[in-house]
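Please read the structure below before turning to the comments.
Values quoted throughout were computed directly from the atomic coordinates according to the rules given, and no laboratory measurement underlies them. Note that the structure is predicted; figures quoted are calculated from it, not measured. With ideal geometry, Cβ positions are generated from the backbone for all residues, glycine too; neighbour counts draw on all protein chains shown.
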Amino acid sequence: MITACNLTKVFGTVTAIDDVSFHVAAGEIVGFLGPNGAGKTTAMRILAGVFPPTMGRASIAGHDVLDEPMEARRALGYFPEYAPFYPDLSVVEYLHFVGRLKRIDRTTRRAAVERVLGSCGLQAVSRRLVGKLSKGYRQRVGLAQALLGDPRVLILDEPTAGLDPEQVVSIRSLIAELGATRAVLLSSHILSEIEAVCSRVVVLNQGRVVGEGSPEALMARLGARQQIVVRVDAPSADVLALLRDVAGVAGARAALDGGGIASIIAEVGDDTGRRAVAEAIQARGWTILELRAESLPLEEIFLRLVSNRSESRP
């Protein structure tokens with residue numbers, strides 16, 4: 001549904017993105033990550049048809065953004081980071097205006113506007129001027145205009161910026177619901193938000209893709225150690241002393257020790273290390289109450305990818 005193929009964009013002497021390729025399928029929400037200046041907004045603007053690439057191709061719902069621009073735009077709902085508004089229009093007037101631009105038929109436009117007002121929690125402010133709204137409500141208006149016309153593809157650039165925690169949860173739930181049947185490319189600096197709704201991520205740094213896949217796949221690619229949590233019916237000090245001598249355990253520390261129950265966090269290379277931990281504990285005759293793997297936090301994966309790329313640049 002969203003395809004970027006070898007996209008490159010050059011502004012004068014600056015290469016904003018360089019040979020960027022990725023794909024987002026229907027029913028998939030993909031996080032688009034990168035530090036400021038990485039090229040995320042440039043890539044999304046090319047996909048949205050705002051400006052053409054210097055090289056490469058892009059398509060939305062099977063329509064090339066250069067060869068079939070109108071068809072591509074009809075299939076797309078785009079929420080830019082700084083969504084343009086007409087401050088002297090009311091919310092409902094603005095959405096009707098956007099509906100006309102999207103060529104939504106007059107007979108269905110009113111129902112379409114009412115639907116997105118409800119989805120984005122804007123009924124209470126629908127008659128207020130957009131220019132008089134708080135930033136949080138303006139973000140909702142931006143998301144509402146992207147949803148008009150029931151597009152099959154959504155490109156959302158920082159859709160929850162400026163929202164309070166309750167609003168963030170509401171919009172996040174809406175995005176998850178929309179992603180069940182649409183292709184969604186979601187950019188956000190809030191990594192917990194990406195972890196909550198995205199099945200995989202594309203990470204950009206210095207204009208190039210430095211990582212793509214699920215957090216687990218990226219962790220494996222980085223050669224990151226697996227973190228396990230083990231709870232044992234034994235004193236914490238004794239369990240720590242045992243695990244530090246087990247082959248394959250890179251480190252271990254106590255999480256807490258209550259009532260003779262040890263809770264230990266250990267780092268192992270792979271599943272072989274996890275089995276060695278279990279076998280060592282059982283050999284001492286201790287009861288394992290819990291043993292589970294914990295994924296590396298997305299924040300740490302992101303930082304490692306960005307750091308690796310930065311260090312490799314001349």
Problem - Phi to ³J(HN,Hα) by Karplus 6.51 cos²θ - 1.76 cosθ + 1.60 over the stretch 22-32, Hz, x for Gly, Pro - result: 6, 9, 10, 8, 4, x, 10, 10, 10, x, 10
Problem - Amide H partners (placed H, <5 Å) of residue 77, local residues excluded - result: 153, 154, 155
Handout entry: Computed lengthening from residue 110 to residue 66, 0.36 nm per intervening residue step minus Cα-Cα distance
Key = 12.7 nm
Completion exercise
Ranked from fewest to most other Cβ atoms within 10 Å of their own Cβ, 64, 88 fall in the order 88, 64
Handout entry: Sequence of 33, 129 once ranked by neighbouring C-beta atoms within 10 Å, starting from the fewest
Key = 129, 33
Problem - Inter-probe distance in nm under a simple model that places probes 7 Å from Cα toward Cβ, at residue 229 and residue 176 - result: 1.9 nm
Fill in the blank from the handout: Extension length gain for residue 36 and residue 253 (0.36 nm per residue less Cα distance), in nm, is 74.6 nm
Fill in the blank from the handout: Amide H contacts under 5 Å for residue 209, restricted to residues at least 5 apart in sequence or on another chain and with H modeled in the peptide plane, are 21
Fill in the blank from the handout: Karplus-derived 3J(HN,Hα) from phi for the stretch 62-68 (6.51 cos²θ - 1.76 cosθ + 1.60, θ = phi - 60°), whole Hz, x at Gly and Pro, runs x, 9, 5, 5, 8, 7, 10
Completion exercise
Yeah, the stretch 72-167 with a ≥ b ≥ c from its alpha-carbon gyration tensor (a/c under 1.5 is rounded, else prolate when a/b outruns b/c, oblate otherwise) is oblate
Practice task
Subtracting the Cα-Cα distance from 0.36 nm times the residue separation, let me have the gained length for residue 5 to residue 161 in nm, one decimal.
Solution key: 53.3 nm
Exercise for the section: Please state the charge dipole magnitude for the stretch 225-295, taken about the Cα centre, from unit charges on C-beta atoms (+1 on K and R, -1 on D and E), reported in debye and rounded to the nearest 20. Expected result: 40 debye
Fill in the blank from the handout: Given Cβ charges of +1 for Lys and Arg and -1 for Asp and Glu, the option among 159, 298, 27 whose Cα lies farthest towards the positive end of the dipole of the chain is 159
Handout entry: Pairwise label distance in nanometres, residue 23 with residue 132, each label 7 Å out on the Cα-Cβ vector
Key = 5.0 nm
Completion exercise
As straight-line cross-link partners of residue 40, the qualifying lysines (C-alpha separation under 21 Å, not fewer than 8 residues apart within one chain) are 9
Fill in the blank from the handout: In debye to the nearest 20, the charge dipole size for the chain, taken about the Cα centre with +1 at each Lys and Arg Cβ and -1 at each Asp and Glu Cβ, equals 1200 debye
Practice task
Take 306, 30 and order them by how many other Cβ atoms sit within 10 Å, fewest up front.
Solution key: 306, 30
